[in-house]
Amino acid sequence: MAKTLANSLATFRRYRRTLARFWATSLTAELEYQANFLIELLSVGGNLAGSVFLLSLFFGNGRSLGGWSWEQALVVLGVYTLLDGLTSTVLQPNLSTIVTHVRTGTLDFVLLKPIDSQFWLSARTFSPWGLPGVVMGLVLMAVAALRAGARPGPEAVAQVAVLLVASAVILYSLWFVLAATSIWFVKVWNATEVLRSALVAGRYPVAAYPAGLRTFFTLVLPVAFLTTVPAEAILGTGTSQWLLASVAVAVGSLALSRWFWGFALRFYTSASS
Amino acid sequence: MSRSPLVHGLRVARALFTSQYALMLEYRAEIALWALSGVLPLIMLGVWSGSGAGADAGLTPLQLARYFLAAFVVRQFTIVWVIQAFEEDNLQGRLSPYLLQPLPPLWRYLAAHLAEQVTRLPFVVVILALVALVLPGTLSWPSPLSFLLAVVATHLVFLLRFLIQSLITMACFWSERAAALERLQMIPYLFLSGLVAPLETFPEGMRALAFATPFPWMIWFPARLLGGGQVDVAAGFGALLAWIALLLPLTLLLWKAGIRRYSAMGA
């Protein structure tokens, strides 16, 4: 018993060390292109300004958006900006390469490495250019929550942290499963574009949508769990049922992504030249 | 045997289009996914339909729904990817043989875009049919005149967007960073074109600012025509033609200067 525990601790440490190396090397490589930072800052800032302007169109004249006030809706936008930044930092740069590995046959080399292939494919690189989005999202979340009158205590902050991790895990699993289908369909990269465009729905609280779409965004494409549930926790209007449901969806989708990767690999026959 | 330039030009155009169409049919699954990734106006319709903001701007729920469906259609047929195609061709070294042919490569890209639009058409019809099932009574055929005007306007918008992107593509001859300009110009396009909100809902000052840019003419104007709303036809076509007249000589000039700078990859 103690031995297995020691073993898994050692494995954990090995993966942590590997991850640090991976990200340190990609950071060094990316910092060669420092002008990108200014471009990304402009891009994220412009997008955020546009989104805030668009959101402001729904308010005024004492209107609300599906029962959410202006400040509360801004919290949702903050969570969305944070997740979008995470997508540009980790998900997009890593998962976009699966297609290339399958097409050129270099997935063979990945599979031969003495490391979990899903881990390698999901965490190999790191793009610092998504970080402005992460920072702006966090700032918007905090400022809007304070202005909405939320004063979360330490327990609520812990809940929010758990929920944000859960949304990140759900988002990752969605992306990974879709990217993994490239084992069968090489030209699947567009499918992740479809996912990204549909996830834009997460800029608004799910209550803003008509009933049919609300069900769709909760049960089929879990947009509600990505942004609305964490935002409710930040504002102190969340319930423990939603917290549990969110964690369950996160664990379930992560397990699904692992199972799906194993299943997909059974069909991988390497590239024929 | 001497051939008139017109007959020759038509033959080249036909050959270009049919070969590109055959190529695009090979990628129809991809194009279907691209069509699906343009759902943004439909998502926005969901948000707008639940908000009173549309009514405050004088738009009935039916007008809003028709507007966003029309915006979806206009967007589908004005998507331009010349910069990606050019980068790929440049990187793969295909640009040099293209330049040797007695046909400027921009014509090849133009034909590819038109062929892609024809391939896309059935998928757009399917998506619209699905929406019509979910929201019965929303879709209606506009009057023949507005339909014709909307088709012409959409083609002009496509030409304008093609010119803007070609201009940015040409800037790539000078700086590799130029590709970032494309991403940055997409931001005002996204928020000011009317893709996410009808221009009627903008506050006064913001609307005036938006109309000073080419963006609202790219979605809002054709979508109003197609969705059966009242719109100043002369002003719309005037603006589109003026922007095209401004950009066309600029693009050609930059193309000529850029080609002189071009030295093949890896040379």
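The values are calculated or read from the model by the stated rules, or taken from the named source; none is laboratory data. Only a predicted model underlies this, so the values are computations on that prediction, with no experimental measurement involved. Note that each Cβ is placed from the backbone with ideal geometry, even for glycine, and that neighbours are counted across all protein chains shown.
For the reader, a short list of remarks on this structure follows.
- When the stretch B:38-59 is limited to residues that are of a type in the set (Gly, Ala, Ser) and surrounded by fewer than 18 Cβ atoms within 10 Å (Cβ to Cβ), the one that is farthest from the other protein chains (Cβ to nearest Cβ) turns out to be B:58.
- Filtering A:35, A:49 for residues that are closer than 26 Å to residue B:193 by Cα and within 11 Å of chain B (Cβ to nearest Cβ) leaves a single hit, A:49.
- Restricting the stretch A:199-229 to residues that are closer than 26 Å to residue B:32 by Cβ, among the small types (Gly, Ala, Ser) and buried (at least 20 other Cβ atoms within 10 Å of the Cβ) leaves a set whose member that is nearest to the other protein chains (Cβ to nearest Cβ) is A:201.
- Looking across A:56, A:51, A:43, one residue alone is surrounded by 13 or more Cβ atoms within 10 Å (Cβ to Cβ), under 23 Å from residue B:192 (Cα atoms) and over 22 Å from the mean Cα position of the chain (by Cα). It is A:56.
- Yes/no for residue B:212 being at pLDDT 95 or above and surrounded by fewer than 18 Cβ atoms within 10 Å (Cβ to Cβ): no
- Those helices (runs of 4 or more DSSP H) of the stretch A:180-273 in which at least 3 residues are under 17 Å from the mean Cα position of the chain (by Cα), considering only elements entirely within it, cover A:189-199, A:229-235, A:240-265.
- Pick from the stretch A:68-92, criterion of a type in the set (S, T, N, Q), assigned to a helix (DSSP H, G or I) and under 20 Å from residue A:207 (Cβ atoms), ranking: nearest to the chain's Cα centre (by Cα): A:81
- Filtered residues of the stretch B:72-85 (kept if within 14 Å of chain A (Cβ to nearest Cβ) and either over 11 Å from the mean Cα position of the chain (by Cα) or of a type in the set (Phe, Trp, Tyr) (or both)): B:72, B:81, B:84
- Of note, residue A:155 does not satisfy the criterion of being touching a Phe, Trp or Tyr at 6+ places or on another chain (Cβ under 8 Å), surrounded by fewer than 20 Cβ atoms within 10 Å (Cβ to Cβ), part of a helix (DSSP H, G or I) and of a type outside the set (A, V, I, L, M).
- Check on residue A:59, in contact with a helix residue (DSSP H, G or I) (Cβ under 6 Å, 6 or more places away or on another chain) and free of Cβ contacts under 8 Å to residues at least 60 places away in the same chain: yes
- Screening the stretch A:60-69 for residues that are modelled with pLDDT of 90 or more and surrounded by 18 or more Cβ atoms within 10 Å (Cβ to Cβ) and picking the one that is nearest to the other protein chains (Cβ to nearest Cβ) gives A:65.
- Residue in the stretch A:232-255 that is buried (at least 20 other Cβ atoms within 10 Å of the Cβ), closer than 26 Å to residue B:32 by Cβ and touching a helix residue (DSSP H, G or I) at 6+ places or on another chain (Cβ under 7 Å) present: yes
- Qualifying residue in the stretch A:23-36 (condition: polar (S, T, N, Q) and touching a residue at least 40 places away in the same chain (Cβ under 8 Å)): yes
- Test: residue A:97 is modelled with pLDDT under 90, within 27 Å of residue A:190 (Cβ to Cβ) and of a type outside the set (Gly, Ala, Ser): yes
- On inspection, residue B:32 fails the criterion of being more than 9 Å from chain A (Cβ to nearest Cβ) and either touching a helix residue (DSSP H, G or I) at 6+ places or on another chain (Cβ under 8 Å) or of a type in the set (A, V, I, L, M) (or both).
- Failed item, numbered, when residue A:146 is tested on (1) more than 14 Å from the chain's Cα centre (by Cα); (2) under 23 Å from residue B:38 (Cα atoms): (2)
- Flag if residue B:207 is over 22 Å from residue B:39 (Cα atoms) and within 14 Å of chain A (Cβ to nearest Cβ): yes
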